[in-house]
Amino acid sequence: MRLSRLAGLASWHKTPAADARAVGPPTPQTVRQMNNAGDSFSYSSAAMNHNTPKKIKRAIREYASQLYEADLRKELEALSTKFAEWQAGTIDSFDLQDAIHQFHHGAARELYKQYNQSDLDFIVAQAIVAGPINREQVPAEVLAHLGNVIAFFENQQQAEAGGPTTQ
């Protein structure tokens with residue numbers, strides 16, 4: 001994975017993506033819930049700051065890069081069907097151009113904002129809880145760094161499922 005393509009990935013930006021994806025940055029409501037969780041949750045607003053070891057920052061950026069690649073691949077696969085339709089003569093060049101334009105100003109832009117203007121700790125922690133990232137393959141020091149955020153998303157997941165939450 002080329003991290004140079006993700007040079008804009010910065011954990012100190014807090015602008016959440018406009019759309020709600022299964023794995024993505026928290027909504028303002030989620031951030032308020034996290035801040036109001038009291039003793040059960042304490043998470044610095046600058047989680048991946050200058051005190052975070054480079055090894056952990058690098059690992060989190062790599063996981064975020066893998067998530068970005070997977071999400072982008074899904075969106076590009078949908079766009080590739082338009083290219084197949086164009087090659088088959090089902091749609092004309094103008095329809096294909098419109099599909100490319102919609103992709104560029106829609107899905108591609110939202111994914112860029114999600115992975116370049118959000119706190120990567122939140123994205124990776126939510127992916128660990130939701131399943132795209134296998135928890136057993138994440139190094140212990142990364143899990144420890146993300147521990148409070150992972151606990152928050154696990155409690156949120158349990159609450160949505162109707163189960164008891166832990167404090």
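The values are calculated or read from the model by the stated rules, or taken from the named source; none is laboratory data. Here the structure is a predicted model, which means the values were calculated and not measured. Don't worry about glycine lacking a Cβ; one is built from the backbone with ideal geometry, like all the others, and counts go over all protein chains shown.
Brief remarks on what is shown
- Boolean, Gly147 is more than 18 Å from Thr52 (Cβ to Cβ) and surrounded by fewer than 17 Cβ atoms within 10 Å (Cβ to Cβ): no
- Any hit, region 72-89, residues being of a type in the set (Ser, Thr, Tyr), surrounded by fewer than 16 Cβ atoms within 10 Å (Cβ to Cβ) and part of a helix (DSSP H, G or I): yes
- Looking across region 90-104, the residues that are outside any helix (DSSP H, G or I) and loosely packed, with under 13 Cβ neighbours inside 10 Å come down to Thr90, Asp92.
- Complete set of residues in region 119-167 that are small (Gly, Ala, Ser), at negative phi and in a loop (DSSP other than H, G, I, E, B): Gly163
- Between Ala88, Ala59, Ala78, the distinction of being small (Gly, Ala, Ser), over 20 Å from Pro139 (Cβ atoms) and at pLDDT 95 or above belongs to Ala88 only.
- Look at region 115-138: where a residue is touching a residue at least 40 places away in the same chain (Cβ under 8 Å) and farther than 16 Å from Phe152 by Cβ and a partner is of a type in the set (Ser, Thr, Tyr) and not in a helix (DSSP H, G or I), sitting 6+ places away or on another chain with Cβ atoms under 9 Å, you get Gln117/Thr15.
- Failed item, numbered, when Lys54 is tested on (1) under 30 Å from Ala140 (Cα atoms); (2) surrounded by 11 or more Cβ atoms within 10 Å (Cβ to Cβ): (2)
- In region 105-127, the condition of being more than 20 Å from Gln66 (Cα to Cα), surrounded by fewer than 18 Cβ atoms within 10 Å (Cβ to Cβ) and either modelled with pLDDT of 95 or more or not polar (S, T, N, Q) (or both) is met by at least one residue.
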